[in-house]
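The next block holds one structure in the form of structure tokens; read it before the comments.
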């Protein structure tokens with residue numbers, strides 16, 4: 001779409017005509033006194049010859065008008081507007097806190113009849129969850145004896161997914177520092193826009209390590225408005241006694257591993273989040289689907305017109321007109 005940014009500059013277009021009329025009136029009002037040259041008529045004819053023939057004078061006048069019109073056209077700032085659609089997404093800031101303690105090696109999940117570790121299932125399910133988070137900013141931290149940041153908040157979900165795939169049990173130690181994980185997550189989320197701060201805490205045990213107790217960490221989350229969605233990963237054991245198979249010393253043994261569900265429920269309730277217990281692969285899939293539904297993003301589309309300046313064209317016309325005036329005007333003639 002074509003338009004002028006300063007269309008009001010067109011008022012300058014008749015300025016040469018106004019000046020010419022004013023000059024003509026001034027010349028007519030002048031009273032000439034003194035001696036007259038005896039050859040005034042011959043001088044007039046000589047100057048007329050120097051200025052050029054009448055057709056050339058009209059051509060010079062038209063070129064002058066063309067130059068002025070080109071300059072005024074350039075001052076009006078002609079431009080071509082191109083529509084540009086911008087999708088503005090109001091997403092969430094999601095920090096994934098994944099337990100990488102020794103207990104994540106437990107083989108109490110199965111895929112197609114084969115036993116798999118808790119970590120393998122968590123990486124697969126959370127990986128698909130990450131791929132669905134269009135427009136959100138995702139971060140990743142892992143925790144064991146302490147909490148460690150793997151990825152800051154970013155819209156590069158592919159990078160976050162790759163870092164999650166590289167996570168392995170015991171990479172952060174054998175113990176479980178839930179309080180430190182919450183505190184680190186809150187630290188990275190506290191400066192983000194309110195009502196968009198979400199911490200997804202994935203763990204399979206109890207708080208057994210760390211510098212900050214979980215109940216103190218949750219106070220930080222409450223203060224900064226960070227919602228915690230806690231996921232307890234692990235089955236209740238084949239006999240319901242909490243004993244799960246685990247590879248130790250080259251053989252599979254039953255080891256008792258308890259999840260502090262009471263603590264995880266309190267963390268979620270006090271921050272306005274929710275607690276989920278994932279006892280098998282299907283349950284974990286359903287949990288992530290529910291979280292995905294709870295944390296939907298909103299988007300809007302705005303169309304803006306981007307201007308491309310066209311002032312060079314009328315300016316080029318004015319320059320060409322000046323060049324032609326210089327070519328047709330005889331040397332010594334009045335411009």
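Read the figures in this text as sums done on the coordinates, not as results from a lab. Here the structure is a predicted model, which is why all the values come from computation and not from measurement. Neighbour counts run over all protein chains shown; Cβ positions are idealised from the backbone, glycine included.
Miscellaneous remarks
- Principal axis analysis of the Cα atoms in segment 92-296 yields extents of 49, 32, 26 Å, listed in decreasing size.
- Global form of segment 122-199, assessed from the alpha-carbon gyration tensor, a/c cut-off 1.5: oblate
- From least to most packed, judged by other beta carbons within 10 angstrom and beginning with the fewest, 136, 145, 258 follow the order 258, 145, 136.
- Across segment 201-275, Cα-Cα pairs farther apart than 14 Å form 66% of the total.
- DSSP bridge pairs, segment 92-296: antiparallel proportion in percent, nearest 5: 35
- Going by neighbour counts of Cβ atoms within 10 Å, the residues 231, 10 line up, fewest first, as 10, 231.
- In terms of packing, defined here as the mean over residues of other Cβ atoms within 10 angstrom, the peptides 197-206, 103-112 line up highest first as 197-206, 103-112.
- Volume in Å³ per residue [convex hull over Cα atoms, computed for segment 239-292]: 113
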